[in-house]
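The values are calculated or read from the model by the stated rules, or taken from the named source; none is laboratory data. Bear in mind the structure is a predicted one, so any value in this text is a computation, not a measurement. Backbone-built Cβ (ideal geometry, glycine too); neighbour counts: all protein chains shown. Side chains included, ligands, DNA and RNA excluded: accessible areas come from the protein's heavy atoms. Shrake-Rupley method; radii C 1.70, N 1.55, O 1.52, S 1.80 Å.
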Amino acid sequence: MRNQRNEVALLERPQTTATRQPTGREHRWPPLSRAHKALIASTAAFYLAVIIAVLTTSRLVAVDWSVMMFKPYQHWPGIQQFMNIYVIAGQRGPSAIVVSAWLTWRCWRTRSWRPLLALGVALVLLNMSVGAVKIGMGRLGPHYAHVAGSSELFLGGGIFPSGHTANAVVTWGILAYLASRWRRFGGVVAGFMGVTIGLTTLYLGTHWVSDVLAGWAAGALVLLALPLFEPVIVSADERMQAAWADRQALAARLRAFRPADLFRPSDLFGATAGPVAPGRKAPVAAPARAVAAAPVPRPARAATAAPAAGKGTRPAVVRGAAPAGATRVPRPAGATGARATAGRAGKPPRG
């Protein structure tokens, strides 16, 4: 009975999740292989072991002091000038500028912002992880050490782990991470830069041996954890591409705009004047305004006909009217007034 009730409940339940259509592209966490997970676990364990060894002032700290007291820059002074220049390749600013130039070319070629976004995410992870450990440990460098054989911890320093080494691993390793054809060659270059930058800091005496080991582990962890942030990178890439497309469409509309379009006759009379420019919508014809009809002139009224002339009747003569066909001669000015005065003078007064 219980199984039958479950089946009925499943049939009666609305299938909202199955019939719902996805609104957009879903970005899921990429699955990691067992080898990848093993590399992350082993690197994190190595990083943690170095931190514990420094905190407990183990034999690793004794190795730090022995290398520092050896002072390699005094045994091989001929390459010191070159090492001072070469170590700049591990600094975050110069190395990021060089790598960003190549990644910008990759963005233009692939029509995607993913290379630069991957570099930005990697540098943010590096600053957060390495910076937190630097502030927490507070270790001083070899040139500022006070007590021989001590770990020089919690003294306000920021030398552990090595930022030059970790930055060289991440910045140059991102080239191998994003490479499509020369990935092995990029991995060799990244490994060479990371190892040599770490050894250069040991030669110059700016870092302890444990600092370099922790820097290698910290940089490798950032690169190994970067695939977990691919959904964020892809989502940001899609949004930036959509924003760029909208900007290009707006620029095209502005280029096709003409000031004469503001005063088109079609906007006044509702007719389309000429073809529509590409990329522009055809204007909607406005309803034509009703034009008031002109008043129709009324026909002139016919003149009243004069009565027919019979016997013993004289035709009516209109005073001042000239006979038909006669030419009317204009009178000189003043003649009418003089004639009227003379006529009144010859008549006797009425009374």
Check your understanding: Which one of these is part of a helix (DSSP H, G or I) and open to solvent by less than 60 Å² (accessible area, probe 1.4 Å): MET83, MET69?
Key -> MET83
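Take the residues in the range 158-172 that are assigned to a loop (DSSP other than H, G, I, E, B) and open to solvent by 20 Å² or more (accessible area, probe 1.4 Å), then tell me which one is farthest from THR57 (Cα to Cα). Write out each step before concluding.
Looking only at the range 158-172, we keep the residues that are assigned to a loop (DSSP other than H, G, I, E, B), and these are 158-162.
Checking the rest, the ones that are also open to solvent by 20 Å² or more (accessible area, probe 1.4 Å) come to 158-159.
Details: GLY158: 18, ILE159: 16 Å.
Across the range 158-172, the extreme among qualifying residues is GLY158.
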Study note, to complete from the structure: Per the filter on the range 173-195, residues crowded, with 16+ Cβ neighbours inside 10 Å and of a type in the set (S, T, N, Q) are none
Practice item. Inspect the range 204-211 for any residue being without any contact (Cβ under 8 Å) to a residue 60 or more places away in the chain, in a helix (DSSP H, G or I) and either open to solvent by 40 Å² or more (accessible area, probe 1.4 Å) or closer than 20 Å to ALA53 by Cα (or both) and give the result as yes or no. Key: no
Practice item. Report yes if GLY156 is touching a helix residue (DSSP H, G or I) at 6+ places or on another chain (Cβ under 7 Å) and on the phi > 0 side of the Ramachandran plot, otherwise no. Key: no
Check your understanding: What residue, among those in the range 134-154 that are hydrophobic (A, V, I, L, M, F, W, C) and modelled with pLDDT of 90 or more, is surrounded by the most Cβ atoms within 10 Å (Cβ to Cβ)?
Key -> MET137
Exercise for review: Consider THR201 carefully, then state whether it is farther than 30 Å from GLY149 by Cβ, among the hydroxyl-bearing types (Ser, Thr, Tyr) and open to solvent by less than 20 Å² (accessible area, probe 1.4 Å).
Suggested key: no
Revision key, fill the gap. Of those in the range 90-133 that are open to solvent by less than 80 Å² (accessible area, probe 1.4 Å) and outside any helix (DSSP H, G or I), the residue nearest to VAL232 (Cα to Cα) is SER112
